[in-house]
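Structure, as structure tokens:
The values are calculated or read from the model by the stated rules, or taken from the named source; none is laboratory data. Since the model is a prediction, treat every value here as computed from it, not as a measurement. A quick note on method: Cβ atoms are made from the backbone with ideal geometry, for glycine too, and the neighbour counts reach across all protein chains shown. Areas reflect the complete protein model, heavy atoms only, side chains present, ligands, DNA and RNA absent. Shrake-Rupley method; radii C 1.70, N 1.55, O 1.52, S 1.80 Å.
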Amino acid sequence: MTQNATMSSPRASSTRAMRARPTPHSLGSAENWAEAEGGWARGNQGIQETNQPSIAAEPPIASEPWRLNTPLLPPRPVSAGPSQATLTVLSGSDAGRILVVGEAGLVVGRDETAALVADDPAVSRRHARIAAGPRGGYYVQDLGSTNGTFVAGRRVAWAPLGSGDTVRLGPDFRLRFAIADESERSLQDKIYQSSVRDSLTHAYSRRYVTERISREVERARRTGCDTAVLLIDVDNLKKLNDERGHLAGDRALCATAAIIAGSIRAGDVLGRYGGDEFVVLLPNANEHQAVLLARRVRTAVAKQRFSAGGSRVPVTVSVGVASLAELCTTASPMTDLIALADGRLYEAKRSGRNGVSAGRQVEHDMRLTTADLPEPAASSGLAYAARLRSG
């Protein structure tokens, strides 16, 4: 009875559960918090806070003023630049590449003189032409191709083009025509370059250059021409990394790539093949021309002055040379061509480094001769060096 009377006493029955106290985090703004704080105090007036510590009022959070007063700003004007007609390659090893269609237009085909060289055997040598019409707008014209030119799935001899149209040459090679401003073209080009370039040296990536070698080998076998590759290894790069640091090694790689790019011909393709190895594709070059180019590269690198930590650091390269004509009939000519160049590269390294290995000969520190060798385009090395400085 005593226990029951105690539980039902007026004092005990007047004890009610207190409402939860609001916090600034749950109410968002200082004004809402102050109003709720006052309501909480009035609603809980006279209620005993038994067995509860006193809770001091929490001030509003002042560390996030952006939640309370976000400024309203007008949009900034964007200069998009003039719009131009563009073609984006949608298939093949150059997928993602974007070209601007100038006033004179451009020709697409397998011929090396075409503005866009298609890596598809079903595309004719001069397949189609895209150009501006005399009264504005753009059109595509078939140039007597074998497998036809298609717009919106329909074979055409001539057809106007609208932005977003897909042009198909033969059964598989696809292009997208678009009118794009400068910022859009720049973004697309950056995306494409990042997909095919090595981020450190800005040479082509291994995947891209091996696809180009495969395509060139097929073309050379089909036309009866020769082609060659150089495999180039930077000598003692691991020692340079260990003694001078990886930053010095990276600088040596970038400088070597720029020197190689300035030494080869305009139509040659330079790629980074491995950590300290580069590969150069030499279209339409025989073994003799490839050896002369290898000598040129080796000599140019050896003459260059490299420095790290205030002292001169010698940097040299070893080069392995192989040409398609040296191979017998094989089911994997591209793989065998690179393997032959790789074997000769290691012959040059085993023989003392800073040399060129071709056939059964290894040459070391030979004077450069340029007989029968076309001069490289001077602009190619300068443009490559400019990309290295800006990148």
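Annotations for the structure displayed:
- Being open to solvent by 70 Å² or more (accessible area, probe 1.4 Å) and hydroxyl-bearing (S, T, Y) holds for only one residue in S183, S195, S199, and it is S199.
- Residue tally, condition surrounded by fewer than 23 Cβ atoms within 10 Å (Cβ to Cβ) and touching a Phe, Trp or Tyr at 6+ places or on another chain (Cβ under 9 Å), over the range 273-286: 0
- Flag for I232 being out of contact with any strand residue (DSSP E or B) (no Cβ under 7 Å at 6 or more places or on another chain) and at pLDDT 95 or above: no
- Of the strands (runs of 3 or more DSSP E) entirely within the range 299-351, those holding at least 2 residues that are more than 22 Å from D250 (Cα to Cα) occupy 317-323.
- Residue match in the range 285-293 (condition: assigned to a strand (DSSP E or B) and either of a type outside the set (A, V, I, L, M, F, W, C) or touching a residue at least 40 places away in the same chain (Cβ under 8 Å) (or both)): no
- Filtered residues of the range 231-254 (kept if of a type in the set (A, V, I, L, M, F, W, C) and either assigned to a helix (DSSP H, G or I) or over 21 Å from L270 (Cβ atoms) (or both)): L237, L240, L247, A248, A252, L253, C254
- Failed item, numbered, when L240 is tested on (1) closer than 30 Å to Q84 by Cβ; (2) touching a residue at least 40 places away in the same chain (Cβ under 8 Å): (1)
- Of all residues assigned to the range 214-225, at least one qualifies as being within 23 Å of the chain's Cα centre (by Cα), more than 24 Å from V315 (Cβ to Cβ) and buried (at least 22 other Cβ atoms within 10 Å of the Cβ).
Every residue, every condition in (1) of a type outside the set (S, T, Y); (2) closer than 28 Å to R222 by Cα; (3) open to solvent by less than 20 Å² (accessible area, probe 1.4 Å), yes or no:
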residue	(1), (2), (3)
R244	yes, no, no
G267	yes, yes, no
H288	yes, yes, no
A294	yes, yes, yes
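- Subset of the range 193-230 (residues that are among the hydrophobic types (A, V, I, L, M, F, W, C) and part of a helix (DSSP H, G or I)): V196, V209, I213, V217, A220
- Remark: pairs (first residue in the range 329-356, surrounded by fewer than 18 Cβ atoms within 10 Å (Cβ to Cβ); second residue among the acidic types (D, E); Cβ separation under 6 Å; 6+ apart in sequence or on different chains) = T330/D336; R353/D235.
- One residue stands out among those in the range 296-312 that are of a type in the set (A, V, I, L, M, F, W, C) and open to solvent by less than 20 Å² (accessible area, probe 1.4 Å): the one that is farthest from Y346 (Cα to Cα), which is A308.
- Residue match in the range 101-111 (condition: more than 23 Å from P82 (Cα to Cα) and basic (K, R)): yes
- Selection within the range 195-227: residues that are without any contact (Cβ under 8 Å) to a residue 40 or more places away in the chain and among the polar types (S, T, N, Q). The member of this set that is nearest to L253 (Cα to Cα) is S199.
- Among the candidates A261, A255, residue that is small (G, A, S) and in contact with a helix residue (DSSP H, G or I) (Cβ under 6 Å, 6 or more places away or on another chain): A261
- Some residue of the range 306-316 being closer than 21 Å to D268 by Cα, within 32 Å of the chain's Cα centre (by Cα) and in contact (Cβ under 8 Å) with a residue 12 or more places away in the chain: no
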